[in-house]
1. Restricting attention to region 147-173, and to residues there that are among the aliphatic types (A, V, I, L, M) and either within 14 Å of the ligand (Cβ to nearest atom) or buried (at least 16 other Cβ atoms within 10 Å of the Cβ) (or both), which single residue is farthest from D207 (Cα to Cα)?
2. Under the condition of being part of a loop (DSSP other than H, G, I, E, B) and surrounded by fewer than 17 Cβ atoms within 10 Å (Cβ to Cβ), which residue from region 26-70 is nearest to the chain's Cα centre (by Cα)?
3. Working only within region 218-245, note down all residues that are touching a helix residue (DSSP H, G or I) at 6+ places or on another chain (Cβ under 9 Å) and either within 13 Å of the ligand (Cβ to nearest atom) or assigned to a helix (DSSP H, G or I) (or both).
4. Can you pull out every residue in region 132-146 that is surrounded by fewer than 18 Cβ atoms within 10 Å (Cβ to Cβ) and either within 14 Å of the ligand (Cβ to nearest atom) or under 21 Å from T213 (Cβ atoms) (or both)?
5. Give the number of residues within region 1-29 that are of a type in the set (A, V, I, L, M, F, W, C) and touching a Pro at 6+ places or on another chain (Cβ under 9 Å).
6. Which residue is nearest to E35 (Cα to Cα), if the candidates are limited to region 243-274 and must be of a type in the set (S, T, N, Q) and in contact (Cβ under 8 Å) with a residue 24 or more places away in the chain?
7. Pairs please, first residue from region 156-170 and free of Cβ contacts under 8 Å to residues at least 60 places away in the same chain and within 17 Å of I208 (Cβ to Cβ), second anywhere and near the ligand (Cβ under 10 Å from one of its atoms) and among the polar types (S, T, N, Q), Cβ atoms under 6 Å, 6+ apart in sequence or on different chains.
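Every number in this text was worked out from the coordinates using simple rules, so none of it is lab data. The structure displayed is predicted, hence computed values, not measured ones. Every residue, glycine among them, receives a Cβ derived from its backbone with ideal geometry; neighbour counts consider all protein chains shown.
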Amino acid sequence: MKDYYIFYNNNFVKQSNATLPVLSASTQFGLNVFEGIRIYKEDSFFVFRLEDHLRRLNNSLHQIGFKAEIISKNEFLEILKELIVLNNIRSDFSIRFTYLINEMDSWSSKKRPVFFIAPLIKERNKADEHKTIVVTKTRRISSLAMDPKVKCGANYINGRYALLEARSLGADLPLLKNKDGFISESSGACIFMVKNGTVKTPSLDSDILESITRDTVIKILSESNYQIEEKLISEDELIESDEIFLCGSAAEITPIKLLGDSDFKIGDITKHIFNEYQLAITAKSYQGFSWTSKLDV
Ligand code: PMP
C-alpha cells in the first residue's frame, strides 16, 4: 500500500509517520469512531453524502462519550483538497475519517480525542461483481448491549467473528441475525430482498447500522415507484426471495448469487438499482436530493 499523506492531529504527515502509543485506549480497546466516505472521480471529484456521514460521525462521537465537536463540512473539504494535491490522486478513492484517543489510557478514558483523515484508493464496483453469503450462528450485537448504530471500531469485532465463521463455511460474507432471530445485516453492509416486485429490507429496529446507502436505495426505488417495505424479516422469508443484494458505502450495490445452498439470479431490480446508484454517486441524476459535494482541484 502506498505511503499516502494523511491529516493527523492537525498536521499533514506521511501515514508511516502517524503514530500512537501501543497502550493508547484506541489500540487496546478499539475505542474510536469513524466513517468511510467515498469520493468519485469524473471531470471533478464528487464526495457522496458528506453531510450525512458527518452527522452520523457526530452522533457516534457523542454516544461514545468523546468530548469533541466534529469539524465543519468546509474544513473537511479544505483538508480533502490538500490531500488530493499532496497525494496526486486522480482516481476514485475512499476516506477513513476517525476520532481516537492517542494517549496511554484505559477504555474509560476522558481524554480529548484527535482525528485523522486518510485516503485509501478504492474503485467503484463493476457490474458483474457478486458475492456469496451465509447466515451465521454469530448474532449481531444488540442495541441493548452495544448499539450497532454507533460506528465504533470495537463493534467490528462482532463482524470479524461472523466473517471468520462465514469463510470457514466457504462463503464470501456473513449474514447475521439479531438477538430475536430476525435478519439483521452483513459485517459491513445492509441487505435488501425482492419478492414478486416488492423490495424489502430489515427495519431499523433489526439491530443494524443506519446505513446511508440503505437510505439512498430506498429513496431511488421510491422515486421509481417501487413498493418498499422496511420490516422484521425471517430467514425463511429471505430464502424465498427472487433477488438479494447488499449495499453500503464500500459494498455499493453488491448482488448475491448464493445464500447458503440457495441460488439467486441477478434480477431486473438489482440491475436497475445498480445502474441508478452509479448515476447518483456522480450527480448524473437525483440532484434534487443534494447528495454530492463537487470538488474541483
Ligand atoms: N452495516 C455495517 C455494519 C457497516 O459497517 C456499514 C458500512 N458503513 C454498513 C452497514 C453500510 O453503511 P453505509 O451505507 O452508511 O456505508
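1. The initial filter retains those residues of region 147-173 that are among the aliphatic types (A, V, I, L, M), namely 150, 154, 157, 162-164, 166, 169, 171, 173.
Retained after the next criterion (residues that are either within 14 Å of the ligand (Cβ to nearest atom) or buried (at least 16 other Cβ atoms within 10 Å of the Cβ) (or both)): 150, 154, 157, 162-163, 166, 171, 173.
Working: V150: 11, A154: 16, I157: 15, A162: 15, L163: 17, A166: 19, A171: 22, L173: 18 Å.
So, considering only residues that are among the aliphatic types (A, V, I, L, M) and either within 14 Å of the ligand (Cβ to nearest atom) or buried (at least 16 other Cβ atoms within 10 Å of the Cβ) (or both), the one farthest from D207 (Cα to Cα) is A171.
2. We begin by selecting, within region 26-70, every residue part of a loop (DSSP other than H, G, I, E, B); these are 30-31, 42-44, 49, 64-70.
Remaining after also requiring surrounded by fewer than 17 Cβ atoms within 10 Å (Cβ to Cβ): 30, 42-44, 65, 67-69.
Details: G30: 17, E42: 22, D43: 25, S44: 23, G65: 22, K67: 24, A68: 22, E69: 22 Å.
My answer is G30.
3. Scanning region 218-245 gives K219, I220, L221, E223, F245.
4. Applying the first criterion (surrounded by fewer than 18 Cβ atoms within 10 Å (Cβ to Cβ)) to region 132-146 yields 132, 137, 139, 142-146.
Hits for region 132-146 are T132, R139, S142, S143, M146.
5. The initial filter retains those residues of region 1-29 that are of a type in the set (A, V, I, L, M, F, W, C), namely 1, 6-7, 12-13, 18, 20, 22-23, 25, 29.
Applying the additional criterion that residues be touching a Pro at 6+ places or on another chain (Cβ under 9 Å) yields 6.
So the answer is 1.
6. S249
7. Pairs found: G159/S187; A162/S187; L163/S187.
Conditions tested, residue by residue: (1) closer than 29 Å to I273 by Cα; (2) in contact with a helix residue (DSSP H, G or I) (Cβ under 9 Å, 6 or more places away or on another chain); (3) of a type outside the set (S, T, Y).
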site	(1), (2), (3)
K151	yes, yes, yes
I157	no, no, yes
Y161	no, no, no
D180	no, no, yes
S184	yes, no, no
F192	yes, yes, yes
